[in-house]
Each structure stands twice: as C-alpha cells, then as structure tokens.
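Below is one structure; the comments refer to it alone.
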Amino acid sequence: MIELKNISKKVVKADVNAPILSNIDLCITKGEFLSIMGPSASGKSTLMNILGILDVPSSGEYIFEGTNIISLNSRRLADFRNRKIGFIFQSFMLIPRLSVEENVEVPLLYSKWSQAERRKRIEMVLEQVGMTHKAKDLIVNLSGGQKQKIAIARAIINEPELLLADEPTGNLDSESKGEILQIFQSLNGRGKTIVLVTHDQEVGQIGKRILTLKDGVWAKTDPSSSKVGAML
Ligand SMILES: Nc1ncnc2c1ncn2[C@@H]1O[C@H](COP(=O)(O)OP(=O)(O)OP(=O)(O)O)[C@@H](O)[C@H]1O
C-alpha cells in the first residue's frame, strides 16, 4: 500500500545541513498496525509528517497505492491527503468552542455529501468511538480521553485508507489510554491501516509490528521479539 524508498530529510541548522532522517526504507501493507517507536528527537514526528504528506523529504521516493507522491503538485497533494489520510495528534487539535458533532463534521465541509449523508456519517463515527451521547456537548466541556475519541471520529469520517496517530495517548490518564488503544484495535480489526508513533513502550506494544528509530535511522531490534518486522 505504502512504500518509502531511501527517504532522507535534512534541515539547515546554523548554516549546516543537519540530517533528521537518513536512508529510510519502509513498506506498509493494507490492514497493518505498525508502531514506530524511538527516543525523543529520533525523527519519529518528522517521519510521520512525511507519511502524512505534511512535509516533504529532501530525497527519496514515496509511493502510495501506486501514486508517486513527490510528483504531485500542491493542490493534488492536499486533495490526496484529505481523501486518503486521517490524523490523530497528542493535542487533539479540536475546535474548543464548537460542539462535538460540529468538530466531527469539519472534514466533510468541502465534500459533496448531502446534509442527510453527513448526519448519517457523523452518527456512525460517534457510535464507533462510543460518544453518541455527547454529540451536542461543547469540546471545551470534555475530558482529555473524550476529546481524543472525538478526534478519532473526525479522523475516520472520510473513510481514509490510512490512520496516522502521533503520541495519541501522550496527554491521557491510564484508563483513557486503555480506551483509546481499544478503539484503535477495533478499527484495525475492521481493516483500517494504522501507523502509531510513540515513545511509550506499553502503548507501542499494541502494534502488530514494531519499528524503532534512533538518530534518524532504523535501530537494530531484538530479533527474539515476534513483532519486530523487516522494513521492506
Ligand atoms: N524544521 C526543523 N528545523 C530544525 N530542526 C528540526 C526541524 N524538525 C525537526 N527538527 C529536529 O530534528 C530532530 C527530530 O525531531 P522529531 O520531532 O522528528 O523527533 P521525535 O522523535 O518526534 O521527538 P519527540 O519524541 O521529542 O517528539 C530533533 O532534533 C528536532 O529538533
């Protein structure tokens, strides 16, 4: 489904080209649940941003279902991203003064769906995250765990091929963390491809395959772990 070939990312720091990612290869198959782990500043978010087409690599190839992402112009990139990828962030990125259902509807605003179809979809995704009873509440009145459930509902409303979650439980207590991980497992059980980035060992274990970044390259992993997978 997704192939990254020899991806590198450099930034200019104090007039010097500093590498953040070097020669990264990665193959993600449809329906996979991949955890990308690694210490702080190892390049996890940078890789996630490249996968999410929010950032461009300095070199390398990115193929998404046969489309060479790097060859697309910015308008087609935005369209591709909106249709194919759902994002979940540590800080939720919801609009606090809007209601739950208004937040969940945001990705549909530029779609051609009828009002009836929108309502149907909002109800469906709120049900999937167990938040139907909060549809009319303002985001500002929800707990962290509830906010993240709404962020997941918003991320799946366009039925994206790929869900990218960057430290999705980083701001949550352990009970909410468990609930959020269960939702991811249930989505993956229904065939959704998920890539989760975390530095939390316990959270990372939810992935069916675990890869670790260290200083911008794949770390050599413990071959005795059943979840450790090949990059390509
Ligand atoms: N645009 C940028 N300009 C300069 N340096 C950057 C830029 N983006 C990332 N970096 C640096 O690249 C390194 C990797 O950053 P990144 O955020 O990808 O790491 P991370 O593994 O997600 O870290 P954390 O777990 O702390 O969020 C860090 O040293 C960061 O300061």
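General remarks:
- Among (1) surrounded by 14 or more Cβ atoms within 10 Å (Cβ to Cβ); (2) within 30 Å of residue 157 (Cβ to Cβ); (3) within 18 Å of the chain's Cα centre (by Cα) - the single one residue 79 does not satisfy: (1)
- When residue 226 is tested against the conditions (1) part of a loop (DSSP other than H, G, I, E, B); (2) at pLDDT 95 or above; (3) out of contact with any Leu (no Cβ under 7 Å at 6 or more places or on another chain), the lone failure is (2).
- Subset of the stretch 25-55 [near the ligand (Cβ under 7 Å from one of its atoms), buried (at least 17 other Cβ atoms within 10 Å of the Cβ) and in a loop (DSSP other than H, G, I, E, B)]: 38, 42, 43
- Residues within the stretch 119-131 that are in contact with a helix residue (DSSP H, G or I) (Cβ under 6 Å, 6 or more places away or on another chain) and either at pLDDT below 95 or surrounded by fewer than 16 Cβ atoms within 10 Å (Cβ to Cβ) (or both), tallied: 0
- Test result for residue 167, among the charged types (D, E, K, R), in contact with a strand residue (DSSP E or B) (Cβ under 7 Å, 6 or more places away or on another chain) and under 26 Å from residue 67 (Cα atoms): no
- Any hit, the stretch 71-87, residues being in a loop (DSSP other than H, G, I, E, B), within 16 Å of the ligand (Cβ to nearest atom) and in contact (Cβ under 8 Å) with a residue 40 or more places away in the chain: no
- Residue 59 meets the conditions (1) surrounded by 21 or more Cβ atoms within 10 Å (Cβ to Cβ); (2) more than 16 Å from the chain's Cα centre (by Cα) in every case but one. The failed one is (1).
- Applying a threshold of 6 Å to beta carbon distances and a minimum spacing of six or more residues, or different chains, the list of pairs starting in the stretch 172-199 at a residue that is touching a residue at least 12 places away in the same chain (Cβ under 8 Å) and in a helix (DSSP H, G or I) and ending at one that is away from the ligand (no atom under 16 Å from the Cβ) and aromatic (Phe, Trp, Tyr) reads 188/33.
- Restricting the stretch 1-24 to residues that are among the charged types (D, E, K, R) and in a strand (DSSP E or B), the residue that is nearest to the ligand (Cβ to nearest atom): 13
The values are calculated or read from the model by the stated rules, or taken from the named source; none is laboratory data. Here the structure is a predicted model, which means the values were calculated and not measured. Here Cβ is always computed from backbone atoms with ideal geometry, including for glycine, and neighbour counts include all displayed protein chains.
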